[in-house]
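So the structure is just underneath, and the comments pick up after that.
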Amino acid sequence: MNDFQSKISNLLDSKGALTPCNRCGNDEFSIIDDEWPVTYSKGGWVGSSIPCAILICTKCGNMIFHSIKQLERSQQDNEKG
Ligand SMILES: [Zn+2]
């Protein structure tokens, strides 16, 4: 596990984001080894991207995307809005 994967794993722990795979019930995931920008477009133009951490269920391959910025926000940040 590299530094990025360790960071994401710790953040998921701290948020209690530990439920098993919602497709097959497996409780083991691999975390891809770097952030993955998910791009979106507005009106046909490429707009921006959201840096994501992707978890892949080791049994069924279900992919779960977490916004890294949101994961890094503390509970206090969320209460401030
Ligand atoms: Zn699964």
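The values are calculated or read from the model by the stated rules, or taken from the named source; none is laboratory data. Everything numeric in this text was worked out from a predicted model, so none of it was measured. Reconstructed Cβ throughout: ideal geometry from the backbone, glycine too, with neighbour counts over all protein chains shown.
Within the stretch 1-19, being at pLDDT 95 or above, over 18 Å from residue 73 (Cβ atoms) and either loosely packed, with under 12 Cβ neighbours inside 10 Å or in contact with a Cys (Cβ under 9 Å, 6 or more places away or on another chain) (or both) holds for 2, 3, 6, 19. Just a yes or no: is a residue in the stretch 30-52 within 15 Å of the ligand (Cβ to nearest atom), charged (D, E, K, R) and assigned to a loop (DSSP other than H, G, I, E, B)? Scanning the stretch 30-52, I find no residue that is within 15 Å of the ligand (Cβ to nearest atom), charged (D, E, K, R) and assigned to a loop (DSSP other than H, G, I, E, B), so the answer is no. For beta carbons closer than 7 Å, sequence separation of 6+ or different chains, a first residue in the stretch 2-28 that is within 16 Å of the ligand (Cβ to nearest atom) and a second that is outside any loop (DSSP other than H, G, I, E, B) and aliphatic (A, V, I, L, M), the qualifying pairs are 18/12.
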